[in-house]
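Nothing in this text is a laboratory measurement; each read-out follows from the coordinates by a stated rule. The structure displayed is predicted, hence computed values, not measured ones. So basically every Cβ, Gly included, is an ideal-geometry build from the backbone, and we count neighbours across all protein chains shown.
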Ligand code: ZN
């Protein structure tokens, strides 16, 4: 496994749209492994491939230590409720803000075996799913930020 370089701030790649994965190749599996390692090393709870310079629809999420979700071609198919909580991003290390997000989302994705799965997440997990899938469309949390927050 390898640590990947996280793109930050004004890097224009962060605003680009990522392309779907057509086939889960060994290269995609290596990317997933490297992304998990990179996310953990950076103390993040989520990472999208675009943040490490790869324009593919791949994200990893770990909001609860030891439970890693690896999502290929994630697509939010249901959302409900509302929450306003502080969030940050490994690509915007100096920003911290309160965002408006759904309280609960259901996401459809392919796992590393290419099997279709669905996951419903609430609270922090719902925020992470929204945050990471937004990255795949070139969106950052500052786009849905209501106000700056104090770092805690
Ligand atoms: Zn982010």
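For the chain, the mean residue ellipticity at 222 nm estimated from helices alone is -6000 deg cm²/dmol, where every DSSP H run of n ≥ 4 contributes -39500 (n - 2.57) and the total is divided by all residues, rounded to the nearest 500.
As a test of understanding, state the convex hull volume per residue of segment 53-102 from its alpha carbons, in Å³. Don't jump to the answer; show the numbers that get you there.
Details: hull volume 6.3 nm³, N = 50.
In segment 53-102, the Cα convex hull volume per residue is 125 Å³.
Among 146, 76, a tally of other beta-carbon atoms within 10 Å of each Cβ gives an order, fewest to most, of 146, 76. The distance linking segment 12-64 with segment 77-152 is 15 Å (Cα centroid to Cα centroid, whole angstrom).
The calculated FRET efficiency for residue 19 paired with residue 106, based on their beta-carbon distance and R0 = 22 Å, is about 0.40.
Sort 143, 137 by Cβ crowding within 10 Å, fewest neighbours at the top. List each step's numbers first, then the result.
Details: 143 9, 137 12.
Result, fewest neighbours first: 143, 137.
In plain terms, the residue of 116, 132, 70 with the fewest other Cβ atoms within 10 Å comes first and the most crowded comes last, giving 116, 70, 132. Segment residue 82..residue 124, full-extension length gain: 13.9 nm, with 0.36 nm per residue of separation and the alpha-carbon distance subtracted. Model label sites at residue 115 and residue 142, defined 7 Å from Cα along the beta-carbon direction, differ in position by 4.1 nm. Once the mean of 1/r is taken over each pair of separate Cα atoms and inverted, segment 12-148 shows a Kirkwood hydrodynamic radius of 14.8 Å.
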